[in-house]
Structure formats: C-alpha cells, structure tokens
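Scroll down for the structure; my scribbles are underneath it.
The values are calculated or read from the model by the stated rules, or taken from the named source; none is laboratory data. Here the structure is a predicted model, which means the values were calculated and not measured. Backbone-built Cβ (ideal geometry, glycine too); neighbour counts: all protein chains shown.
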Amino acid sequence: MPKVRANQMPLSKQIEVGKFAAANKNMPLTEVVEHFERKWNYDQVVRAARKYKEGKLTIKHVTKKKSKQTKETAALNSVDELFDKQLRYALAQLDTDTEAPAVERVAALHKLQQMMLISHMKRADANIVASIIRRFIPDASDSDVVKVYSEEVAKCKNSR
C-alpha cells in the first residue's frame, strides 16, 4: 500500500509552529505535534522548528515571473496607488486570518491605521499633525483627523 502524502504546511503555519517550539524549548516535539492537534506530522513539525531556528522562514524566493510582474506593476501604477492597493490587501488578509491571536490582529490593525493616516496626509510628520488636531479636539478619531486635515488642505489650496 502506497504511503499517503501529508498536506503541505503553509508558511504562516510553519512560522506559528516554529515560534511555539522556540517558546517551549523544553517540550518534546511529539508534544508540539499533539498541541497542534495532529494537523501536521512529526517530520513537518521538526522541519518547521529547524527552519524557524535557522531563520529561513522569513525569506521568500522571488521567481523571475514574479519579478517581471513586479516591474510591470510598478511601471503602471503610481506610488500612492501601489500603497493603497497593498493596504487593502493587508486589511483583507487580516480580515480572513481568524487563527491569529487577537493581540497581534489589534496591533496590526493599529499599525495599518497609522499607515493609512500617514498616507492620506502624505507627510512624514502626520503623527505630529494628528497630535495637534487632537489637542483641540481631544476625542477625535483617526477618520475625524483625516477629515479636519482634508478640509484645511482644501482651504489652503483655494486661498492660493
């Protein structure tokens, strides 16, 4: 009878297994397999833990085809369009990843909100501008800050 091939472990799961194994160094890998409810076999867990320990799970190799697609995308889109597209993609990934811990999801969402605020204001000192606006409107949300900022930009453009 032929040996049944195990399901391939996605990179995100390899990182998750590697982090868990690294955090629980005293735990035998057989117990790590049990912790993940036997979704992955022993060899996959060992390989993921070793790759994580060696630092090889963060590097993705780019194929020539993807490299060509990247150059074409960069040529067709402006920096702002690419940034907005990537933000939408990151938000979609965050929305669909239900297995990520809530703390990590909230932290990622906070970082994305800050990036969106900076992108919308198109200034490196967006945090300072937001802080100034919040000094006068203490309970202003990020969307309120963007709205006030947009109104002031429009006033400045009209007055020139």
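Numbers at a glance
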read-out	value
Some residue of the stretch 28-37 being exposed (fewer than 13 other Cβ atoms within 10 Å of the Cβ) and modelled with pLDDT under 80	yes
Contacts under 6 angstrom Cβ, first residue in the stretch 41-58 being more than 11 Å from V17 (Cβ to Cβ), partner modelled with pLDDT under 85 and surrounded by fewer than 13 Cβ atoms within 10 Å (Cβ to Cβ), 6 or more apart	N41/A6
Helices (runs of 4 or more DSSP H) contained in the stretch 75-160 and holding at least 3 residues among the aliphatic types (A, V, I, L, M), modelled with pLDDT of 75 or more and within 20 Å of I15 (Cβ to Cβ)	79-96, 102-121
